[in-house]
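K.L.:
One structure, pasted below without further comment.
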Amino acid sequence: MARRMTEKIDQVVREIEPRLVQNRRDFHRFAETGWTEFRTASLVARTLEDLGYEVSAGRDVLRDEERLGLPEPGVLEEHWQRARAQGGDAQYLEALKGGFTGVVGKLRQGDGPTVGLRFDMDALDLVESQDPAHRPVREGFVSVNQEAMHACGHDAHTTIGLGVAEVLARRSGRLRGTVKLVFQPAEEGVRGARAMVAAGVVDDVDYMLGLHVYSGWDLGQVDPGRGGFLATTKFDALFRGAPAHAGGVPNQGKNALLAAATAVLNLQAIPRHQQGKTRINVGRLVAGTGRNVIPDRAHLSIESRGETTELNDYVFGYAQRILEAAAAMHDCSLEVRTMGGAQSADSDPALRDQVQATIQALGGLSLREPEPSGGSEDFTYMMSRVQENGGLAANIGIGAKLGGWGHHTAEFDIDERALAIATRLLSALVLDLAG
């Protein structure tokens, strides 16, 4: 990248950096969980339109039947009304009704490649720390929404996406091709990317980039192409039996709790696989109504994982057989509901090399040694679709260390200087790929 171009990007980033911090704190304060990101998505759409992007939102960018783990309709309506009261954009709120909270912005500049960038928007179902030492409390941007907290950095990702949008809009004369900014709902629980992919959002993309900030990495540290994401399936198992008096007529009951307990113990005994890592976890068991009543219902929240999509399928298939056998043992019915999922995927070496070259040209950043993720990420659906179509994909990690609190904790926070760092890097990278 030419020095003059780097200087121009740096100039814009310095100018907008205070607004990046302001935006991140606004999104953090009004945290919204998966499929209820009404305020966030509406403000994203409005900002993109004001910057001159072609904006698509709602049903245009999400396939209805592929949305997983949706809240109940009453919850969606309640959160939509809350977003309206909290300053969501009235025009775009209408398009997002019913939990269709995806947004795509396009900037077209003639012939050239299409570069896609994905930014997730959702918060976690988590109560944020109210400790006065917690910076969001101390500085007045702690979440005001009940049991919703940006504890994984998606508020930063959304902010970075809007920062990149502004830099590229102001430097659009240097673009040769199309930029597609994808703002995705419901990444937590790996629920949202699949529905956007099914709607064809990334079918025309030549280069697909994802980003995640990491609170455990030093500021300015960058992994130019992460890999090792585990494929996963999130699913619920619902056992239904029959209630009965536990002392008087226990034989007339069909004990759903026993069926669930039988399943839990046997799920943990699924054999590991010679071809790679596998995981199974039951994170929640809810059953019963009282000590003298045979439980007629039980609900398990489960996840499987595998180093490859095939290994995850092995664990998930084995788990289904165990669940069915446990239900049959105790004469209960069984319903299995898929609540989310992600594939395995790796960043393309060629695109990783391009990211690394841009990092080195910009200066002021350091490369982090690659390491397997060990977690799951539904951006893999977008990566895989682009790769299947002959394009390249990479998932970039950026350090934002502050304090020592990890992701998905009530005390999570980031070093906000990472907002400008990431905006600068991604803007430069797009101009390198389509400039």
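The values are calculated or read from the model by the stated rules, or taken from the named source; none is laboratory data. Model, not experiment: these values are computed from the prediction. All Cβ positions, glycine included, derive from the backbone under ideal geometry; neighbour counts span all protein chains shown. Protein only, heavy atoms only, side chains kept; ligands, DNA and RNA dropped before computing areas. Shrake-Rupley method; radii C 1.70, N 1.55, O 1.52, S 1.80 Å.
K.L.:
Can you name the helices (runs of 4 or more DSSP H) wholly within region 127-219 that have at least 2 residues being surrounded by 24 or more Cβ atoms within 10 Å (Cβ to Cβ) and of a type in the set (Gly, Ala, Ser)?
P.N.:
Counting at least 2 such residues, we get 154-170, 193-198.
K.L.:
When the residues of region 109-126 are filtered to those that are in contact with a Gly (Cβ under 8 Å, 6 or more places away or on another chain), in a strand (DSSP E or B) and open to solvent by 10 Å² or more (accessible area, probe 1.4 Å), which remaining residue is modelled with the highest pLDDT?
P.N.:
Of everything passing the filter in region 109-126, Thr114 is modelled with the highest pLDDT.
Per-residue answers, yes or no, for (1) open to solvent by 10 Å² or more (accessible area, probe 1.4 Å); (2) free of Cβ contacts under 8 Å to residues at least 60 places away in the same chain; (3) within 16 Å of Asp346 (Cα to Cα):
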{"position": "Ser366", "(1), (2), (3)": "yes, no, no"}
{"position": "Glu371", "(1), (2), (3)": "yes, no, yes"}
{"position": "Lys401", "(1), (2), (3)": "yes, no, no"}
{"position": "Gly406", "(1), (2), (3)": "yes, no, no"}
{"position": "Thr423", "(1), (2), (3)": "no, no, no"}
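K.L.:
In region 377-399, which residues are surrounded by fewer than 24 Cβ atoms within 10 Å (Cβ to Cβ) and among the polar types (S, T, N, Q)?
P.N.:
Hits for region 377-399 are Ser384, Gln387, Asn389.
K.L.:
Yes or no: Gly105 open to solvent by less than 70 Å² (accessible area, probe 1.4 Å), in contact with a strand residue (DSSP E or B) (Cβ under 8 Å, 6 or more places away or on another chain), closer than 22 Å to Val202 by Cβ and assigned to a loop (DSSP other than H, G, I, E, B)?
P.N.:
Here the answer is no, as Gly105 does not meet what is asked.
K.L.:
Report the residue count in region 37-77 for those that are crowded, with 19+ Cβ neighbours inside 10 Å, hydrophobic (A, V, I, L, M, F, W, C) and either without any contact (Cβ under 8 Å) to a residue 40 or more places away in the chain or part of a helix (DSSP H, G or I) (or both).
P.N.:
The number of residues fulfilling the criteria is 7.
K.L.:
Right, next: Taking the options Arg4, Arg14, name whichever one is touching a residue at least 24 places away in the same chain (Cβ under 8 Å) and either open to solvent by less than 10 Å² (accessible area, probe 1.4 Å) or assigned to a helix (DSSP H, G or I) (or both).
P.N.:
Arg14
K.L.:
Hey, another quick one. Looking only at region 213-233, decide whether some residue is touching a residue at least 40 places away in the same chain (Cβ under 8 Å), more than 23 Å from Val355 (Cα to Cα) and not aliphatic (A, V, I, L, M).
P.N.:
yes
K.L.:
Right, next: Do the conditions hold for Leu267, that is, is it over 23 Å from the mean Cα position of the chain (by Cα), more than 30 Å from Arg352 (Cα to Cα) and surrounded by 19 or more Cβ atoms within 10 Å (Cβ to Cβ)?
P.N.:
yes
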